[in-house]
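Remarks on the structure that follows.
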Amino acid sequence: MAGDLFNTIAGVYGWFHRYQMRRFSAILERHGHEVPLSPMRTVCDVGCGTGALCAVLHLRGLQVTGVDPAHRMLDVAREKVPDVSFIMGDAVTGLPFDDNSFDLVFTSYVAHGMPQHQRMQLYQELMRIAAQAVIVHDYNEKRAILTTIIEFLERGDYFGFIKKREQEMLQIFPSVKIIPVGRQACWYLCHCNLRHENAQETEDEGNTIEEKELGNPIH
Ligand SMILES: C[S@@+](CC[C@H](N)C(=O)[O-])C[C@H]1O[C@@H](n2cnc3c(N)ncnc32)[C@H](O)[C@@H]1O
C-alpha cells in the first residue's frame, strides 16, 4: 500500500519540515510569477507528506487543503501546520473531491515514486480536481548519485519517470510548461484547459490588457 513506507519514515521526514519550508518558499518567491492564472484562492497539495508546502502556501494567503494516504505523515502535518486542513486520500484510487474543486493543484515528489500506470491515474485525478492548472514538482533528467541510490532503494519508477516525464504528462494535459526550479527539479506546469494556456501565451507576449484580466501570480 502507498502509505506503508511513508508511515514508517514520517517521524524522520518531519525533522526536515523547516528546511523544506525554506526551500519551497524560495522557489515560490523566484517562480510564482510564472503561474499567471486568473484569481486563485484554493490550492490542494496531493501527497502533501508532512505539510511543508501547505504551510508555505497558507502563509501566502491561499486556502489550502493537504491530502495524503499515509496517516502518520498526516499526524505530523496536523501538528506542524494546525491552520491547514489535512485529509486522508489516495490519488490512484480516487480523491474525495468534486471535479474542479481547486483553482490550483500541486503534487511534489509523488509522481516519480509510482509505477507508470499509477502515475497516469494520478495525473488524470489531478486534472479532474483542478479548475485551472496542476503543478507537478519533481525531478528533471539530471541524475545525481545519491538520488539514484535512494530512488533505487525506494523501488519507485524514478528511472521511467525521468525518461518520459513530459511525454506522459502530455497524454493527459493539453499543455505542459517546464520551469526549472533547482539543480535536479522542475515545475511541470500543466494547464487543464486551453483558455489558460492561451492566457499564458498572451502573458509571454506582454499583452497588458489580457494580463489585467487574467494575470494574478501566486506570490
Ligand atoms: C516523497 S513524499 C513527498 C512529500 C511532500 N510532497 C514533499 O514534497 O516533501 C511522497 C508522498 O506521496 C504520498 N503518496 C504516495 N502515494 C500516493 C497516492 N497514491 N496518492 C497521494 N499521495 C501519495 C506519500 O504518502 C508521501 O507522503
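The values are calculated or read from the model by the stated rules, or taken from the named source; none is laboratory data. This one's a predicted model, so the numbers in the text were calculated from it and none came from an experiment. Here the Cβ is made from the backbone with ideal geometry for all residues, glycine too, and neighbour counts use every protein chain on show.
Table for the structure above
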| item | result |
| --- | --- |
| Scope the range 105-142; condition in contact (Cβ under 8 Å) with a residue 40 or more places away in the chain and basic (Lys, Arg); matching residues | Arg119, Lys142 |
| Among the candidates Leu37, Leu5, residue that is more than 14 Å from the ligand (Cβ to nearest atom) and at pLDDT below 95 | Leu37 |
| Odd one out for Met73 among (1) within 11 Å of the ligand (Cβ to nearest atom); (2) under 15 Å from the mean Cα position of the chain (by Cα) | (2) |
| Residue among Gly66, Gly49 that is near the ligand (Cβ under 10 Å from one of its atoms), on the phi < 0 side of the Ramachandran plot, within 17 Å of the chain's Cα centre (by Cα) and buried (at least 17 other Cβ atoms within 10 Å of the Cβ) | Gly66 |
| Qualifying positions in the range 77-104 - part of a loop (DSSP other than H, G, I, E, B), within 30 Å of Glu141 (Cα to Cα) and in contact (Cβ under 8 Å) with a residue 12 or more places away in the chain | Gly89, Ala91, Val92, Leu95 |
| Tabulated pairs, the range 24-47, first over 21 Å from Tyr123 (Cβ atoms) and of a type in the set (Gly, Ala, Ser), second away from the ligand (no atom under 16 Å from the Cβ) and assigned to a loop (DSSP other than H, G, I, E, B), C-beta under 6 angstrom, 6+ apart or interchain | Gly32/Pro217; Gly32/Ile218; Gly32/His219 |
| Options His112, His33; residue that is surrounded by fewer than 18 Cβ atoms within 10 Å (Cβ to Cβ) and within 23 Å of Cys192 (Cα to Cα) | His33 |
| Residue ID - farthest from Ala131 (Cα to Cα), chosen from residues in the range 78-110 that are more than 9 Å from the ligand (Cβ to nearest atom) and touching a Phe, Trp or Tyr at 6+ places or on another chain (Cβ under 9 Å) | Arg78 |
